1. Please work out if Ala88 is farther than 18 Å from Tyr13 by Cβ, under 24 Å from the mean Cα position of the chain (by Cα), among the small types (Gly, Ala, Ser) and modelled with pLDDT of 95 or more.
2. Every residue in segment 122-137 that is in a helix (DSSP H, G or I) and over 24 Å from His315 (Cα atoms), please.
3. May I ask you to say which residue of Asp112, Asp171 is without any contact (Cβ under 8 Å) to a residue 60 or more places away in the chain, open to solvent by 60 Å² or more (accessible area, probe 1.4 Å) and farther than 26 Å from Gly279 by Cα?
4. Find the residue count for segment 13-43, including only residues that are assigned to a loop (DSSP other than H, G, I, E, B), touching a Gly at 6+ places or on another chain (Cβ under 7 Å) and open to solvent by 10 Å² or more (accessible area, probe 1.4 Å).
5. Quickly run through segment 315-331 and pick out the residues that are in contact with a helix residue (DSSP H, G or I) (Cβ under 8 Å, 6 or more places away or on another chain) and either open to solvent by less than 20 Å² (accessible area, probe 1.4 Å) or outside any helix (DSSP H, G or I) (or both).
6. Please go through segment 140-166 and pick out each residue that is in contact with a Pro (Cβ under 7 Å, 6 or more places away or on another chain) and surrounded by 21 or more Cβ atoms within 10 Å (Cβ to Cβ).
7. In this structure, is Asp79 part of a loop (DSSP other than H, G, I, E, B) and touching a strand residue (DSSP E or B) at 6+ places or on another chain (Cβ under 8 Å)?
8. Taking segment 50-85 as the region of interest, how many residues are of a type in the set (Gly, Ala, Ser), more than 16 Å from Lys14 (Cβ to Cβ) and open to solvent by 40 Å² or more (accessible area, probe 1.4 Å)?
Amino acid sequence: MGDQQIRIGLVGYKFMGKAHSHAYRDLPFFFDLPAVPVMQAISGRDEDGVNAAADKLGWASHENDWRTLIQRDDIDAIDIVTPNHSHAEIAIAALEAGKHVLCEKPLAISVDEAKRMLAAARKSGKVHMICHNYRFSPAVQFAKKLIREGRLGRIYHFRGLYLQDWLIDPDSPLEWRMRKEESGSGSHGDLASHMIDLARFLVGDIDEVVGTMETFISARPLPEQEAPEKITEMGEVDVDDASVFIARFKNGAIGTFEATRFAGGNRNGNRFEINGERGSIRWDLENMNVLEVYLKDDEPGLQGFRTITCTETEHPYGNIYWAPGHNIGYEHTFLGLMREFLNGIATGRCPQPSFADGLQNQMVLEAVEKSSRSRQWVSVDG
């Protein structure tokens, strides 16, 4: 364990704040790090809420204004887990204040914002990462290893789904994720951004797309009203409830992507299948320790998908978490990512996924939105 300490300032404290806080607390337990995180301060606008979060999650202090947080001399890195529309302002200000930055996905609400964030990061010389944590599932890392070693051969297909069902009820109240001004897009930016990042990580960059986006429920109750039978005030939903698109990769592979919050029975179904000339792989976040693998070279009679539980010492992180056969969970995906973030700061090397990846993902998201409006193929590079 290294002697260097990296003092973290977290902006935001709810669901993602809890996930990130847990990771910082557990990192030294699992990993020998060249630098250890110090949970220095957390910020949020609600005094009672952020004070309670600081106490429960283990932060040494709290602020009510992120601007005060990033100017503190006892903060080395800023972690942003706020709504999407605030990412650019906070990240750029933090970089200009000389802080390293980790930012939740999607990086921004537009390509222009993402470009400004990347430019500020490069000018600052500081480490910058985007929180696409699913890259750090051991099974996904193992999938990357198989592809890198050529076990699948030339890749033909990427088939991705991210299915949730939490918005099927039309009486679910309008919140920031359903407002374009704050979120940028709906399921497209929230869910499809994860699939896009996994596709780019595993297969390669995307060249062009054609797709469609749909809003099924156009108005929802404004929050903080009484029981549904007394709802009187409604607000407009101006983002997508679902997006579907086809992609051509620069290496010749093709892909299909579907993201929705209206797939009943799917709580968090982030799934992909990749088909190559020599084999195929499948992964599902709801069964995240397992990678299904088919290899064409298996002898006749034994061909078919085999189920690999990626918890052995031979698998990525297999000697880090628990003994073979002992499953890990959602929270461990953040540990792998934040380990890279801290190692990057300690060594002066900017790890992936960086803001450059965030920009590329944003360009794909925006190209799909343009395609949905024009009903034509759109180049990702403009």
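1. yes
2. Of everything in segment 122-137, those that are in a helix (DSSP H, G or I) and over 24 Å from His315 (Cα atoms) turn out to be Arg122, Lys123, Ser124.
3. So the residue among Asp112, Asp171 that is without any contact (Cβ under 8 Å) to a residue 60 or more places away in the chain, open to solvent by 60 Å² or more (accessible area, probe 1.4 Å) and farther than 26 Å from Gly279 by Cα is Asp112.
4. The total comes to 2.
5. Residues satisfying the conditions are His315, Pro316, Tyr317, Gly318, Ile320, Tyr321, Ile328.
6. Matches in segment 140-166: Phe142 only.
7. no
8. 1
The values are calculated or read from the model by the stated rules, or taken from the named source; none is laboratory data. Just so it is clear, the structure is predicted and the values come from calculations on it, not from any experiment. Virtual Cβ from ideal backbone geometry, glycine too; neighbours counted across all protein chains shown. Note: accessible area is taken over every heavy atom of the protein model, side chains too, but ligands, DNA and RNA are not part of it. Shrake-Rupley method; radii C 1.70, N 1.55, O 1.52, S 1.80 Å.
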